[in-house]
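Down below is the structure, laid out as structure tokens.
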Amino acid sequence: MAASDDSIPVESAARQREATPTIRDVARLAEVSIGTASKALNDNGRLSAETRQKVLRVARELGYRPNHLAQSLHRSKSMTVGILTNDSFGRFSFPIVEALEDRLADQRIAVFMCNATDDPERERRHLDQLLGKRIDGLVVTARRSDKRGSIEAYVRGIPVIYVFAQAEDADSLSLVPDDEGGARLAVEHLIKLGRKRIAHLTGPAHFEAVALRHRGYSAALGAAGLAEIPGFFRNGRWSEASGREAVAELFDGAAAPPDALFCGNDMIARGALDALRDRGIKVPEQVAIVGFDNWDVMVTGAQPPLTSIDMNLKALGREAGERLIAMIGGERMTGVRRLPCTLVVRQSSGGAA
């Protein structure tokens with residue numbers, strides 16, 4: 001019995017329930033060869049739209065599911081990717097991984113994520129396990145974007161991308177936020193609002209991000225004809241306590257305190273904001289504040305809500321997915337790519353209602 005455009009000759013519902021449908025069943029009921037059915041189901045080859053749609057309709061009505069393991073073995077691909085991180089808290093890695101996983105899912109690539117903390121032996125064990133799964137690629141991410149040892153030699157030719165992390169090997173590919181550019185955005189925003197005595201409260205000096213953000217802060221001041229004021233650049237810890245301590249040092253008894261604070265992260269900004277409130281100093285009327293990270297729990301819970309620089313971590317994840325797919329396909333990519341940050345304006349800087 002020939003199949004029409006609107007119906008499919010199915011021998012019996014009982015038979016379909018008894019056996020998992022195969023591509024042979026799809027080909028037979030669609031009245032095409034197995035090769036044609038495979039092309040239609042994998043969206044490749046030269047087929048008429050009518051034939052392709054007919055095969056897909058038959059597969060759908062049969063409940064056919066392709067055998068991805070067999071396909072991957074045929075292509076010598078496992079259709080899996082490993083993610084190695086030391087960000088136990090997940091503040092930076094989770095948004096990256098979420099966007100990366102969404103992009104890889106479009107290609108039916110699954111993800112295995114491993115947390116190595118800061119233990120080299122644990123990292124090595126995780127790498128061995130991932131290699132045992134025959135992963136097609138590896139993403140290395142971290143809780144900070146500083147350089148780390150390269151692992152390409154250990155994973156033996158598998159494509160590797162470092163995201164919110166950098167490899168010491170110049171032949172590696174690293175994707176990181178543009179910390180310097182983000183700092184310039186923050187300080188330019190404050191300058192446009194009329195602030196001239198802008199202090200920069202930030203984290204420990206050994207972080208690369210600290211040096212880059214200081215460079216952006218200095219460049220923005222210089223472009224506006226403003227000099228750095230001695231004592232207004234202050235290293236500290238990545239904590240609210242550090243922000244409170246800096247405010248005490250800059251404001252208590254000072255004849256000419258800052259009229260704006262650019263903070264190296266949102267926790268420092270929250271601490272500074274609370275310390276200013278305790279002193280009766282109004283934000284943003286007397287002192288404007290901009291943070292860095294745009295961490296939702298910090299910026300929206302502040303009073304007033306914090307203006308902050310967003311590092312666009314999900315954009316980093318999507319970019320990593322795009323590039324990893326290309327590298328798995330044989331493209332070679334190297335270098336450090338710094339993706340732009342964005343300014344999110346809220347009430348703490350006086351630039352939003």
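The values are calculated or read from the model by the stated rules, or taken from the named source; none is laboratory data. Everything numeric in this text was worked out from a predicted model, so none of it was measured. Glycine also receives a Cβ, built like all others from the backbone with ideal geometry; neighbour counts cover every protein chain displayed.
Tabulated data for the structure shown
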item	result
Residue within the stretch 111-122 that is over 23 Å from residue 237 (Cβ atoms) and in contact with a Gly (Cβ under 6 Å, 6 or more places away or on another chain) present	yes
From 82, 132, 137, 90, residue being of a type in the set (Gly, Ala, Ser), within 29 Å of residue 293 (Cβ to Cβ) and surrounded by fewer than 21 Cβ atoms within 10 Å (Cβ to Cβ)	90
Residue in the stretch 305-325 that is free of Cβ contacts under 8 Å to residues at least 12 places away in the same chain and not in a loop (DSSP other than H, G, I, E, B) present	no
Answer from 112, 89 - the residue that is touching a residue at least 24 places away in the same chain (Cβ under 8 Å), assigned to a strand (DSSP E or B), farther than 24 Å from residue 334 by Cβ and not assigned by TED's automatic domain parsing to the domain that holds residue 298	112
Check on residue 285, over 32 Å from the mean Cα position of the chain (by Cα) and either modelled with pLDDT under 95 or under 25 Å from residue 338 (Cβ atoms) (or both)	no
Members of the stretch 35-64 that are in a loop (DSSP other than H, G, I, E, B) and surrounded by 11 or more Cβ atoms within 10 Å (Cβ to Cβ)	45, 47, 64
Residue 183 vs. criteria in the same structural domain as residue 295 (by TED's automatic domain parsing) and in contact (Cβ under 8 Å) with a residue 60 or more places away in the chain	yes
Qualifying residue in the stretch 142-159 (condition: modelled with pLDDT of 85 or more, surrounded by 18 or more Cβ atoms within 10 Å (Cβ to Cβ), assigned to a strand (DSSP E or B) and not aromatic (Phe, Trp, Tyr))	no
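Let's see how each residue does on (1) touching a helix residue (DSSP H, G or I) at 6+ places or on another chain (Cβ under 6 Å); (2) closer than 14 Å to residue 85 by Cα; (3) of a type in the set (Gly, Ala, Ser):
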position: 143; (1), (2), (3): no, yes, no
position: 150; (1), (2), (3): no, yes, yes
position: 155; (1), (2), (3): no, no, no
position: 176; (1), (2), (3): no, no, no
